[in-house]
1. Just to be sure I understand, how many residues within region 63-108 are over 13 Å from residue 50 (Cα atoms) and basic (Lys, Arg)?
2. Which one is nearest to residue 108 (Cα to Cα) among residues in region 11-21 that are surrounded by 13 or more Cβ atoms within 10 Å (Cβ to Cβ) and in contact (Cβ under 8 Å) with a residue 60 or more places away in the chain?
3. Out of curiosity, is residue 47 open to solvent by 60 Å² or more (accessible area, probe 1.4 Å), at pLDDT 95 or above and under 15 Å from residue 80 (Cα atoms)?
4. Among the residues of region 63-104 satisfying the criterion of being surrounded by 16 or more Cβ atoms within 10 Å (Cβ to Cβ) and aromatic (Phe, Trp, Tyr), which is farthest from residue 27 (Cα to Cα)?
5. Of the conditions (1) in contact (Cβ under 8 Å) with a residue 40 or more places away in the chain; (2) among the polar types (S, T, N, Q); (3) under 18 Å from residue 92 (Cβ atoms), residue 62 fails just one. Which one is it?
Amino acid sequence: QVQLVESGGGLVQAGGSLRLSCAASGGTFSSYALGWFRQAPGKDREFVASIRSSGNTNYANSVKDRFTISRDNAKNTVYLQMNSLKPEDTAVYYCAASTNWLGSFDSWGQGTQVTVSS
């Protein structure tokens with residue numbers, strides 16, 4: 001079982017930037033697909049971005065061209081660079097790992113709060 005710990009959240013003005021980090025321990029990090037999800041108050045958790053072990057990436061339309069997901073297998077860390085932030089990006093952000101053959105995300109971090117003020 002892999003353990004995930006997010007960091008880097010905080011309060012930022014609209015138009016600003018933040019970089020989230022997610023450090024993993026246990027398991028075989030380089031073989032996992034990794035993702036970022038977010039949950040705003042009163043809303044369901046939604047997909048933000050993912051990166052496969054191959055490096056291929058996928059983004060939600062709402063963040064495409066503003067957010068960039070990347071991974072450093074030597075540091076067992078996945079990042080989410082968030083630029084041009086909007087108030088609607090306010091949410092708790094979670095990183096996740098897919099450690100099973102089905103490809104579903106089965107390990108989750110505790111989340112980090114991102115608040116974007118207008």
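The values are calculated or read from the model by the stated rules, or taken from the named source; none is laboratory data. Note that the structure is a prediction, hence the values are computed from the model and not measured. When we count neighbours, we look across all protein chains shown, and the Cβ atoms used for this are built from the backbone with ideal geometry, even at glycine. Quick note on the areas: whole protein, heavy atoms, side chains included, nothing else; ligands and nucleic acids left out. Shrake-Rupley method; radii C 1.70, N 1.55, O 1.52, S 1.80 Å.
1. Qualifying residue count, region 63-108: 3.
2. Filtering region 11-21 for residues surrounded by 13 or more Cβ atoms within 10 Å (Cβ to Cβ) gives 12, 14, 16, 18-21.
Going one step further and asking which of them are in contact (Cβ under 8 Å) with a residue 60 or more places away in the chain, we end up with 12, 14, 16, 18-20.
Working: 12: 24, 14: 28, 16: 26, 18: 21, 19: 18, 20: 15 Å.
By that ranking, first place goes to 20.
3. On the way: open to solvent by 60 Å² or more (accessible area, probe 1.4 Å): yes; at pLDDT 95 or above: yes; under 15 Å from residue 80 (Cα atoms): yes.
For residue 47, the condition - open to solvent by 60 Å² or more (accessible area, probe 1.4 Å), at pLDDT 95 or above and under 15 Å from residue 80 (Cα atoms) - is met.
4. Checking each candidate, the answer is 67.
5. The number of the failed condition is (1).
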